[in-house]
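In what follows, a structure is listed as structure tokens, so that the remarks can point back to it.
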Amino acid sequence: MERFRDYEEEGLSLIQKVLIFIFVAFYPMVVSMYTMLPPLIGIVAYFLILSIEKEEMYIFAPLIYLINLDLNLSLPLFLSIVITVLIYLFVYMPLKRLIRCKVCLLFALIFIIDVSYYLSLFVYDFIFQTSTVLADMLLIYYIAVDILIGMLV
């Protein structure tokens with residue numbers, strides 16, 4: 001991860017930057033059309049937490065992805081970013097000291113991010129009497145796929 005330090009140094013190649021841009025720009029649109037594709041909120045929030053922790057310039061890709069996802073899925077704007085920052089402030093540091101295994105930390109953090117985000121959506125729905133998300137097996141599928149893809153990354 002040290003090679004991603006500076007934008008101008010030997011970091012991401014042009015092809016990698018273009019692929020990240022295409023993913024950030026178009027995957028939320030595809031998710032809004034095909035509901036079986038997971039929104040990958042946990043993985044992107046994990047990348048956001050890592051970018052905040054390392055003070056990297058690549059913090060904008062997860063931020064733009066989460067805002068784009070909120071807009072395309074008609075979710076509350078900035079809720080995913082607020083939940084991620086709250087988890088970073090209150091959960092990530094104690095959890096990082098408690099769990100030394102990086103894969104275990106990744107698993108726990110993605111699970112906590114996903115569950116807290118979906119719970120906050122349910123609270124939002126209850127307070128404002130809306131229905132942004134349905135509580136069915138699709139949410140469990142989203143969390144499971146998010147964790148499995150996170151293990152591959």
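List of remarks:
- Here is what passes the span test in the chain: the DSSP H helices with alpha carbon length of 15 Å or more along the helix axis and a Kyte-Doolittle mean of -1.0 or above are 14-33, 41-54, 60-72, 102-128, 137-152.
- Measuring gaps between exposed loop sites in the chain (GluC sites (Glu not before Pro); DSSP loop; at most 10 other Cβ atoms within 10 Å), the longest gap, sites not included, is 56-153.
- Of the chymotrypsin sites (Phe, Trp or Tyr not before Pro) found in the range 10-51, those that fall in a DSSP loop while having at most 16 other beta-carbon atoms within 10 Å are Tyr34.
- Under 14 Å, Cβ to Cβ, from Tyr117 - net charge with Lys/Arg +1 and Asp/Glu -1: -4
- Label-to-label distance, nm, for residues given as Val82 and Ser131 (7 Å Cα→Cβ offset): 2.4 nm
- Counting beta carbons within 10 Å around each of Lys102, Lys96 and listing the fewest first gives the order Lys102, Lys96.
- Label-point gap, in nm, between Val18 and Val30 - each point 7 angstrom along Cα→Cβ: 1.7 nm
- Sorted by Cβ neighbour density within 10 Å, fewest at the top, the residues Ser51, Ser131: Ser131, Ser51
- Here the chain is treated with +1 on each Lys and Arg Cβ and -1 on each Asp and Glu Cβ, and its dipole about the Cα centre works out to around 340 debye.
- Cβ crowding within 10 Å ranks Ile127, Ile49 as Ile127, Ile49, fewest other Cβ atoms first.
- Ellipticity estimate at 222 nm from DSSP helix runs (n ≥ 4, -39,500 (n - 2.57)) divided over the chain, nearest 500: -22500 deg cm²/dmol
- Reported label for calculated log10 I(q)/I(0) by the Debye sum over Cα atoms at q = 0.09, 0.21 Å⁻¹ given [x] -0.58, -1.27; [y] -0.47, -1.23; [z] -0.29, -1.54: [z]
Bear in mind these aren't lab numbers, they're just calculated from the coordinates by the rules spelled out. Quantities reported herein were computed from a predicted structural model and do not represent experimental measurements. Reconstructed Cβ throughout: ideal geometry from the backbone, glycine too, with neighbour counts over all protein chains shown.
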